[in-house]
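**Q** First the structure, then my questions, so here it is.
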Amino acid sequence: MPNEPERYELFEAPPYQFQLNRRDFLEVAGFVICLTATPLLDAQTAAKPRARLAFAADGTVTVFAGKVEVGQGAATELAMAVAEELRLPVSKVRAVLGDTDLCPNDGITAGSRTTPATVPEARKAAAAHRGGELSPPPAWKTLGQSHPAQNARAIVTGRHQYPSDIRRPGMLYAAVLRPPSFGAKLLSIDPSVLKDKSLTVVNDNGFVAVAAPTSFAARQAVATLAAAARWETKPHPASADLFRVLKETATNPRENKRGDLAPAFAAASKQSRGTYQTPYIQHAPMEPRAAVAEWLDGKLTVWTGTQNPFGVQQQLQQAFRLSAEQVRVIEPGSGGGFGGKHTGEVAIEAARLAKEAGKPVHLRWTRAEEFAWAYCRPAGLWEIQAALDANGRLTAWDFASYNAGTAGLESPYRIPNTRTRFFRSDSPLREGSYRGIAATTNNFARECAMDELAALAGQDPLDFRLAHLDNPRLRDVLVAVAEKFNWKSRRQKPGAALGIAAGFEKGSYVAACVEVAKDAKSGFAIRDFHMAYECGAILNPSNLRAQVEGAIIQGLGGALMESIEFVNGRLTNGSFTAYRLPRLRDVPPLTITLLDRKDLPSVGAGETPIIVVAPALAAAVSALTGQRRRSLPLRSA
Amino acid sequence: MTVTINGQAHQLTTAPDRPLLDVLREDLGLTGTKYGCGEGQCRACTVLLNGKPVTSCLTPVRLADGKSVTTIEGLAPGDRLHRVQQAFLDAEAMQCGYCVPGMILRTVSLLEATPHPTDAQIIDALNGNLCRCCGYVRILDAVRRAAQQEGGRPHAE
Ligand code: FES
Ligand code: FES
């Protein structure tokens, strides 16, 4: 299964086809022909080399990277990497990220690629400058030590400027008219209802928006427009029908086979079969999508929150028929991403308004827009069938995954006969990436099934996994977490409701143990949660620990409480009031064991720890209630 | 309207129903106060109004008339840090940091009322503050550290 079809947002059609201003275009027989001779997607963008390092007279060094900082620690990690190879204190190195005019195009900040791809680039550039070899991990002085975030002081004083904090002279504030339901088409609006001459109104091929001196005025104007707008709505399935839709619309699967399933099932001593489900969930980064756009002398500059500044640059080029030189995207470090900020629609919207207004325009999506119009983590459905022989060994594994995506499809366990299928379905909601994305959900289904199979075989789920595992790194984290948690002795305690799960993704390895207990209010409470994690040589231990803590607690959200609900093309819980997310009170006692493998290359760690949270919990809750839990979230009835 | 903001009196002429949050950010350039939801559910927009924490997204600016507002920018004079800011720094209690100004202001008001809070009291006070990076372990640590500091004097640089 070569390419990755799971990042659905990357294959979407452009969000807008603007008519723009007639002056710029010549209309011939119904076709709009662009007079500017620049190609839509300028291939030179990627090719033009930009300096990785800059050296100032005062001895400070700047490292440039096209990656972005969304709280995962990329900026500090890159500065540390350069400091290491130049033998400088970290305080002498500054990282400038996500500026398409200044930085090399390092691609999208996704897939945990900064650590394995961009950090080595920066180290090589610095080592080459010094005229030496890369320093080996055992000799590290800076890497491998904890260093706080470079902008920490700016954050605690409120001085760090996030995309939504950018201010430009004469800047206007914007609001956008959104459809009342998914798929609704605008039939008509009446801009004459707006009397205020200080308003800029754009009505361009379905995009209707207002810019005003204050965001309050812009929101009021859009509400006035909305009251007089007419829409044609479209039928849309409800979340209650979600899994039926995913099954019914599934297309020819991609398939991987090993051995022969039929004889294995025929000879089985025991068989299991289960259907598993995960709903849509939203990233809900604390800072919603935001952009400030400014046109100056034919050049467009956009400050925006995105994990893909060069991708957004291309989207802007396409929307406004510009060359790469005419568009600059700056990502100043934004308020969370989690895989949710890969696309550039807010940048395009702000730029369209700024073009009309002839002034810089600020647009920040509302929380409701963020829930409804940003993409979700794909919902998933699984059908798993497996067989055990008389010794309790897995002999057959038939894994069908619908819509979730292809990361983490293949089982890490030794099974002679397997079939792995991935079906694409028609998704009722817009889908895209998410922290760990399909590895999380495929691993959820697989590890739930493994827990059931262990029970069927009459074995301890730890022993059952180890009996089918060859990968030494995955074995190591399983054994490490089980020892720390006292798995064996805690299992002897009558009535103990324990869960265990393991998995690997993007080159790192993780396992978790959890105990739950009855709770009068919420059904069950988490007693404690243990994780062991290994991602090669650790670069910044403190930041790694923060990423693991964050991934576990964010994972608790998807495991316990999150699910996007909709009916008649509208979300019914698209707000912080209605959509429960993990809060301080939800944090259980955590014990995290980090295995530092100085002998192995470092890989990214922002995502993988999340993949074992839900299955470990599902196993524990199943043990507590005696009823198999096969769908998320676990706290819904 | 006259509102004292971070110790300075401001005459404001604006629509009285505008959220205080918008006035701080758009009219006064105090962008340290953040928008997270506009629903009163995340508290990223927390400011102190006459010393009491409020969600500025749900506070019409007219309710601040004649009162004093403290934002994250005004918590400590000049380049100094309030001990709560210092504690968040020491605990490395931030990932993206977007929730941090609201967390800090809530903590300041908690420690004023309850200088030595129990964990349960900290959780009660801060449970309304959402952190989507889920950095709660360190946030709790930061509040404990701030509470352990003697006195309420701002830290030196
Ligand atoms: S923005 Fe005010 S509570 Fe969320
Ligand atoms: S640090 Fe990102 S929201 Fe709290």
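The values are calculated or read from the model by the stated rules, or taken from the named source; none is laboratory data. Predicted model, so just to flag it, every value in this text is computed and none were measured. Cβ sites come from the backbone with ideal geometry, for glycine too, and all protein chains shown count toward neighbours. Heavy atoms of the whole protein, side chains included, go into the accessibility calculation; ligands, DNA and RNA do not. Shrake-Rupley method; radii C 1.70, N 1.55, O 1.52, S 1.80 Å.
**Q** For the range A:572-608, give me the residue count where each residue is in a strand (DSSP E or B) and away from every other protein chain (no Cβ under 14 Å).
**A** So the answer is 3.
**Q** Being modelled with pLDDT of 95 or more, at the interface with another protein chain (Cβ under 10 Å from one of its Cβ atoms), more than 12 Å from the chain's Cα centre (by Cα) and within 16 Å of ligand 2 (Cβ to nearest atom) narrows it down to one residue among B:Gly29, B:Gly40, B:Gly36; which is it?
**A** Exactly one of B:Gly29, B:Gly40, B:Gly36 is modelled with pLDDT of 95 or more, at the interface with another protein chain (Cβ under 10 Å from one of its Cβ atoms), more than 12 Å from the chain's Cα centre (by Cα) and within 16 Å of ligand 2 (Cβ to nearest atom), namely B:Gly36.
**Q** Name the single residue that is farthest from ligand 1 (Cβ to nearest atom) among those in the range B:110-129 being buried (at least 17 other Cβ atoms within 10 Å of the Cβ) and part of a helix (DSSP H, G or I).
**A** Step by step, filter the range B:110-129, then rank; the result is B:Leu111.
**Q** Quick check: anything in the range A:497-518 in contact with a strand residue (DSSP E or B) (Cβ under 7 Å, 6 or more places away or on another chain), without any contact (Cβ under 8 Å) to a residue 60 or more places away in the chain and not aromatic (Phe, Trp, Tyr)?
**A** Scanning the range A:497-518, I find no residue that is in contact with a strand residue (DSSP E or B) (Cβ under 7 Å, 6 or more places away or on another chain), without any contact (Cβ under 8 Å) to a residue 60 or more places away in the chain and not aromatic (Phe, Trp, Tyr), so the answer is no.
**Q** So, in the range A:574-605, how many residues would count as being under 20 Å from the mean Cα position of the chain (by Cα) and closer than 17 Å to A:Ala284 by Cβ?
**A** Qualifying residue count for the region: 8.
**Q** Continuing with the same structure: Please go through the range A:267-305 and pick out each residue that is within 16 Å of ligand 2 (Cβ to nearest atom) and of a type outside the set (D, E, K, R).
**A** Across the range A:267-305, the qualifying residues are A:Gln282, A:His283, A:Ala284, A:Pro285, A:Met286, A:Pro288, A:Ala290, A:Gly305.
**Q** Suppose we filter the range A:417-444 for residues that are of a type in the set (A, V, I, L, M), out of contact with any helix residue (DSSP H, G or I) (no Cβ under 8 Å at 6 or more places or on another chain) and buried (at least 24 other Cβ atoms within 10 Å of the Cβ); how many remain?
**A** Result for the range A:417-444: 2.
Rundown of residues vs (1) within 23 Å of A:Ala174 (Cα to Cα); (2) crowded, with 23+ Cβ neighbours inside 10 Å, yes/no style:
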{"site": "B:Leu12", "(1), (2)": "yes, no"}
{"site": "B:Pro16", "(1), (2)": "yes, no"}
{"site": "B:Leu24", "(1), (2)": "yes, yes"}
{"site": "B:Gly29", "(1), (2)": "yes, no"}
{"site": "B:Gly40", "(1), (2)": "yes, no"}
{"site": "B:Ala44", "(1), (2)": "yes, yes"}
{"site": "B:Asn50", "(1), (2)": "no, no"}
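**Q** Considering only the range A:556-577, state which residues are closer than 19 Å to A:Trp365 by Cβ and within 16 Å of ligand 2 (Cβ to nearest atom).
**A** A:Phe576
**Q** Residue check: is A:Val477 within 15 Å of A:Pro412 (Cα to Cα) and either within 30 Å of the chain's Cα centre (by Cα) or surrounded by 24 or more Cβ atoms within 10 Å (Cβ to Cβ) (or both)?
**A** Considered against the rule, which asks whether it is within 15 Å of A:Pro412 (Cα to Cα) and either within 30 Å of the chain's Cα centre (by Cα) or surrounded by 24 or more Cβ atoms within 10 Å (Cβ to Cβ) (or both), A:Val477 comes out as yes.
**Q** Report, ordered by the first and then the second residue, all pairs with beta carbons closer than 7 Å, sequence separation of six or more or different chains, a first member in the range A:90-106 that is surrounded by 19 or more Cβ atoms within 10 Å (Cβ to Cβ) and in a loop (DSSP other than H, G, I, E, B), and a second member that is of a type in the set (A, V, I, L, M) and at pLDDT 95 or above.
**A** If the second residue must be of a type in the set (A, V, I, L, M) and at pLDDT 95 or above, the pairs left are A:Gly98/A:Ile330; A:Thr100/A:Val329.
**Q** Suppose we filter A:Ile592, A:Ile538 for residues that are among the hydrophobic types (A, V, I, L, M, F, W, C), surrounded by fewer than 22 Cβ atoms within 10 Å (Cβ to Cβ) and under 30 Å from A:Ser146 (Cα atoms); which single one remains?
**A** Within the list A:Ile592, A:Ile538, the selection yields A:Ile592.
**Q** Provide a single number: the residues in the range A:574-597 that are within 16 Å of ligand 1 (Cβ to nearest atom) and more than 28 Å from B:Asp119 (Cα to Cα).
**A** 2
**Q** Please determine whether any residue of the range A:325-344 is of a type in the set (Lys, Arg), more than 16 Å from ligand 2 (Cβ to nearest atom) and within 20 Å of A:Phe18 (Cα to Cα).
**A** yes
**Q** Taking the options B:Leu58, B:Leu30, B:Leu21, name whichever one is away from ligand 1 (no atom under 14 Å from the Cβ) and of a type in the set (A, V, I, L, M, F, W, C).
**A** Testing whether each residue is away from ligand 1 (no atom under 14 Å from the Cβ) and of a type in the set (A, V, I, L, M, F, W, C) leaves just B:Leu30.
**Q** I need a count of the residues in the range B:130-148 that are more than 8 Å from every other protein chain (Cβ to nearest Cβ), open to solvent by 10 Å² or more (accessible area, probe 1.4 Å) and either within 14 Å of ligand 2 (Cβ to nearest atom) or hydroxyl-bearing (Ser, Thr, Tyr) (or both).
**A** So the answer is 1.
**Q** Now a separate question. How many residues does the range B:71-99 contain that are open to solvent by 20 Å² or more (accessible area, probe 1.4 Å) and over 21 Å from B:Ile122 (Cα atoms)?
**A** 6
**Q** The conditions are (1) in contact with a Ser or Thr (Cβ under 8 Å, 6 or more places away or on another chain); (2) open to solvent by less than 10 Å² (accessible area, probe 1.4 Å); (3) under 30 Å from A:Asn391 (Cβ atoms), and A:Glu410 fails exactly one of them. Which is it?
**A** For A:Glu410, the failing item is (2).
**Q** Specify which of the listed residues (B:Arg132, B:Arg106, B:Arg138, B:Arg144) is assigned to a loop (DSSP other than H, G, I, E, B) and within 26 Å of A:Gln554 (Cα to Cα).
**A** Criteria check complete, one pass: B:Arg132.
**Q** Would it be correct to say that A:Phe423 is out of contact with any Asp or Glu (no Cβ under 8 Å at 6 or more places or on another chain) and under 20 Å from A:Glu515 (Cβ atoms)?
**A** Criteria not met by A:Phe423.
**Q** Would you point out the residue of the range B:76-103, among those that are farther than 26 Å from A:Ala551 by Cβ and in a loop (DSSP other than H, G, I, E, B), that is nearest to ligand 1 (Cβ to nearest atom)?
**A** Here the answer is B:His82.
**Q** Here's a follow-up. Condition first: touching a residue at least 60 places away in the same chain (Cβ under 8 Å) and closer than 29 Å to A:Ala74 by Cβ. Can you find one or more residues in the range B:121-139 that meet it?
**A** yes
**Q** State yes or no: is B:Gly51 within 16 Å of ligand 2 (Cβ to nearest atom), at pLDDT 95 or above and farther than 22 Å from A:Glu369 by Cα?
**A** No, not satisfied.
**Q** Hey, another quick one. Sort out which residues of the range B:45-72 are touching a strand residue (DSSP E or B) at 6+ places or on another chain (Cβ under 9 Å), farther than 13 Å from B:Val108 by Cβ and outside any strand (DSSP E or B), and write them in order of number.
**A** B:Cys45, B:Asn50, B:Ser56, B:Cys57, B:Leu58, B:Thr59, B:Val61, B:Leu63, B:Ala64, B:Asp65, B:Gly66, B:Lys67
**Q** Pairs, please: C-beta under 8 Å, at least 6 apart or cross-chain, first residue within 11 Å of another protein chain (Cβ to nearest Cβ) and over 17 Å from A:Tyr579 (Cβ atoms) and in the range A:284-296, second among the hydrophobic types (A, V, I, L, M, F, W, C) and within 16 Å of ligand 1 (Cβ to nearest atom)?
**A** Filtered contacts from the range A:284-296: A:Ala290/A:Trp365.
**Q** Yes or no: A:Ile552 more than 16 Å from ligand 1 (Cβ to nearest atom), in a loop (DSSP other than H, G, I, E, B), at pLDDT 95 or above and of a type outside the set (Ser, Thr, Tyr)?
**A** no
**Q** Among what's in the range B:70-115 and is free of Cβ contacts under 8 Å to residues at least 12 places away in the same chain and under 13 Å from B:Arg138 (Cα atoms), pick the residue that is farthest from the other protein chains (Cβ to nearest Cβ).
**A** If we take residues in the range B:70-115 being free of Cβ contacts under 8 Å to residues at least 12 places away in the same chain and under 13 Å from B:Arg138 (Cα atoms), then B:Leu89 is farthest from the other protein chains (Cβ to nearest Cβ).
**Q** Considering A:Ala559, A:Ala512, which residue is part of a helix (DSSP H, G or I), out of contact with any Ser or Thr (no Cβ under 7 Å at 6 or more places or on another chain) and surrounded by 24 or more Cβ atoms within 10 Å (Cβ to Cβ)?
**A** Sole residue among the options that is part of a helix (DSSP H, G or I), out of contact with any Ser or Thr (no Cβ under 7 Å at 6 or more places or on another chain) and surrounded by 24 or more Cβ atoms within 10 Å (Cβ to Cβ): A:Ala559.
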